[in-house]
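The values are calculated or read from the model by the stated rules, or taken from the named source; none is laboratory data. In this text, all values refer to a predicted model and were calculated from it rather than measured experimentally. Note: ideal-geometry Cβ built from the backbone for every residue, glycine included; neighbour counts use all protein chains shown. Just the protein is used for accessible areas: all its heavy atoms, side chains included, with ligands, DNA and RNA removed. Shrake-Rupley method; radii C 1.70, N 1.55, O 1.52, S 1.80 Å.
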Amino acid sequence: MKPNAIPIGFSQRLQLPWLEYTAGLVKAGKSRAEINTALQELLQEKLSVGHQVDRGNREKAISILLKIWQCPPDELVALRDEGLDLFTRLPSKQHVAIHWGMSIAVYPFFGAVAATVGRLLRLQQDMSTAQVQRRIREQLGERETVARAARRIYRSFIDWHVLVESGIKGTYSKAKPIAIPDRDFSSWMAECVLQGSRSNCTPLEQMNNHPSCFPFETPRLTVDVLQGAPRLEVIRHGVDQEIVRLVPEMRDNGS
């Protein structure tokens, strides 16, 4: 997929508790209708207050929440199910990483903004929102919808406490990285990145410390770590390069 063909999709500023609430309802076995009703009640005093338009901010936010956790694309259902299992293994302070991974997998635009922020923070201690906007526009075009959605996503990053104010207006730095020592999470996140990039493979070395995963410290990906990942495999390319890729039949069949 060409960069400028990435659909926006993730166009609202979401609070982390909303994602946590949605995932909890899915894990509890609630139906889509039940989850929709619960989210309407949760957000009725927070978004589109006093408005009844069909596609107001509340409805858009609920659509995003549902697509991430209740009804992801068919090829991501197994990944989603593993993400739900991770909630029982990782402490609550690490749950942001699970929401982050699913957001990347379901919404490539979210991953593109995350990678842009991550690359900037590799080059410098602080990054400005103007720099993010400039790079996103270079990648995805000058459309106002792109700029507005990107702004809502990096504002979500601030709300999720992975970016912190630097003391200069409009400038932010990376918060203290969230360490997640779980090896299974590390391989799960690798699949999220591959799915979100719409690429079936990437060099293993590049997958380590991927810029879209800048808020987290995870075990280094190796052949041994990836052996337990059911939909990933490592192949050798050339003399000394290893490639991690989605197992072809899994990607083709969406199973």
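Data for the structure
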{"read-out": "Residue that is in contact with a Leu (Cβ under 8 Å, 6 or more places away or on another chain) and under 16 Å from Arg122 (Cβ atoms), where the choices are Ser173, Ser212, Ser156, Ser187", "value": "Ser173"}
{"read-out": "Unique match (being open to solvent by less than 20 Å² (accessible area, probe 1.4 Å), among the hydrophobic types (A, V, I, L, M, F, W, C) and at pLDDT below 90) among Leu194, Leu204, Leu163, Leu140", "value": "Leu140"}
{"read-out": "Wholly enclosed strands (runs of 3 or more DSSP E) of the stretch 115-229 bearing at least 3 residues under 30 Å from Leu84 (Cα atoms)", "value": "201-203"}
{"read-out": "Within the stretch 122-138, tally of residues that are in contact with a Pro (Cβ under 9 Å, 6 or more places away or on another chain) and within 18 Å of Arg155 (Cα to Cα)", "value": "0"}
{"read-out": "Residue in the stretch 44-51 that is open to solvent by 10 Å² or more (accessible area, probe 1.4 Å), of a type in the set (A, V, I, L, M, F, W, C) and within 26 Å of Ile180 (Cβ to Cβ) present", "value": "no"}
{"read-out": "Yes/no for Asp81 being free of Cβ contacts under 8 Å to residues at least 24 places away in the same chain and either under 26 Å from Gly141 (Cα atoms) or among the charged types (D, E, K, R) (or both)", "value": "yes"}
{"read-out": "Single residue of the stretch 172-191 satisfying the filter (crowded, with 17+ Cβ neighbours inside 10 Å and free of Cβ contacts under 8 Å to residues at least 60 places away in the same chain) that is nearest to Phe110 (Cα to Cα)", "value": "Ala190"}
{"read-out": "Residues located in the stretch 1-52, provided they are among the hydroxyl-bearing types (Ser, Thr, Tyr) and at pLDDT below 95", "value": "Ser11, Ser48"}
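Conditions tested, residue by residue: (1) under 18 Å from the mean Cα position of the chain (by Cα); (2) within 22 Å of Val164 (Cβ to Cβ); (3) open to solvent by less than 10 Å² (accessible area, probe 1.4 Å); (4) hydrophobic (A, V, I, L, M, F, W, C).
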| position | (1), (2), (3), (4) |
| --- | --- |
| Leu76 | yes, no, yes, yes |
| Leu79 | yes, no, yes, yes |
| His99 | yes, yes, yes, no |
| Ser103 | yes, yes, yes, no |
| Leu123 | no, yes, no, yes |
| Met127 | no, yes, yes, yes |
| Val146 | yes, no, yes, yes |
| Arg152 | yes, yes, no, no |
